[in-house]
Amino acid sequence: MSGLAHYLEDEGIPTTLFALIRKHAEEIKPPRALAVPFELGRPLGAPNEPDFQRRVLRTCLELLEEEAGPVLADFPDDAPGADVDQEGWACPVNFAAPVEDMSDEELLTQTLLQEIALLKPWYEESKQTRGGRTNYGISGKAPEEIPAFFASLVVNREDTASPFKDKPAPLAFKQMVDDLRYYYMEAAIARPDDRVTDLDIGNWLFGETTLGKVIVEIRDWAMESDDKGFKALAVTAMVPTHQRHHTKHG
């Protein structure tokens, strides 16, 4: 978006945007950007906080008053609930301990399928609560169609073929991993607790699920891979900063 903003400005269209990764905005220098300290995928901060979200949006739009740039401002506050003790929150589903053996492709596939099946009623309840809305769906694959590809990546690495004829494997992985993360997270907050934070969800996903272990395993491989597509994703788009203590590379 930072790069696109330059083209729009050249056509006389003023732009302002949210920068979830401040370093990117520093390097690309969009005309106007608001750096926000929130989880990737949540440019307005916390869900179900309309007053806070409006304040974030208003702050970003106010940058349009700046006639010349580049302007990079920082939103001063964390999302609501970021500093609250979350001892009371728990996912409504209790899984078995995550798989430790990352060499058994069939075991990984079946365990991920089991997690997906256990979460399905809660995902559907969460979706219904939001009037049928969900962030799941960018990949075009059903949740049950994804685990075999992930398990193959863990075991076979770059020898794994993309499940799409028109998408390279890194792009296929990015879209499917985003879908599964949304599926798991939406299911986990089917019974919302106003105090739950991104850190709580991250601690659960990467600490208590086989999906989290699989994502970490793929990132550890991708960080050292010669595949430029996977390596680029590994640096910024696989594991959030607050969960990188699970990885080899931090």
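Take the alpha carbon atoms of region 97-139, find their radius of gyration, then divide it by 2.2 N^0.38 Å using N residues; give the quotient. List each step's numbers first, then the result.
Details: Rg = 13.8 Å, N = 43, 2.2 N^0.38 = 9.2 Å.
Compactness ratio reported: 1.51.
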* Asked: At a Förster radius of 22 Å, what calculated FRET efficiency corresponds to the Cβ-Cβ distance of Lys231 and Phe164, to the nearest 0.05?
  -> 0.65
* At a Förster radius of 51 Å, what calculated FRET efficiency corresponds to the Cβ-Cβ distance of Arg157 and Ala68, to the nearest 0.05? -> 0.60
* **Residues with amide H under 5 Å from that of Ala19, placed H, sequence gap 5 or more** => Leu34, Ala35, Val36
* If you rank Ser152, Ser162 by fewest surrounding Cβ atoms within 10 Å, what's the result? -> Ser162, Ser152
* Asked: Which residues' amide hydrogens lie under 5 Å from the amide hydrogen of Ser162, considering only partners 5 or more residues apart or on another chain, with H built in the peptide plane?
  -> Ala169
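Can you give the extra length, in nm with one decimal, that the chain gains between Phe95 and Glu49 once fully stretched, where that is 0.36 nm per residue apart less the Cα-Cα distance?
Additional length available on full extension: 13.6 nm.
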* Structure fact -> Whole-Hz Karplus couplings 3J(HN,Hα) for region 160-165, θ = phi - 60° and coefficients 6.51, -1.76, 1.60, Gly and Pro as x, run 6, 7, 5, x, 10, 6
* To do: Note the angle between two axes, namely the Cα long axis of helix 50-62 and the longest principal axis of the Cα atoms of the chain, as a number of degrees from 0 to 90, rounded to the nearest 10.
  => 50
* Give the calculated FRET efficiency between Arg42 and Ile13 to the nearest 0.05, with a Förster radius of 25 Å applied to their Cβ-Cβ distance. => 0.45
* Backbone HN-Hα couplings from phi across region 93-104 [Karplus 6.51/-1.76/1.60, Hz, Gly and Pro as x] -> 10, 9, 8, 5, 4, x, 5, 9, 7, 8, 9, 9
* **Overall Cα dimensions of the chain - principal axes, largest extent first, Å** => 58, 43, 33
* Angle between the Cα long axis of helix 147-156 and the longest principal axis of the chain, 0 to 90 degrees, nearest 10? -> 80
* Asked: To the nearest 10 degrees, how steep is helix 210-223 against the longest Cα principal axis of the chain, on a 0 to 90 scale?
  -> 70
* May I ask which of Lys120/Lys231; Lys29/Lys127; Lys228/Lys248 have a Cα-Cα span longer than 29 Å here? => Lys120/Lys231; Lys29/Lys127
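Values quoted throughout were computed directly from the atomic coordinates according to the rules given, and no laboratory measurement underlies them. Here the structure is a predicted model, which means the values were calculated and not measured. We place every Cβ from the backbone using ideal geometry, glycine too, and count neighbours over all the protein chains shown.
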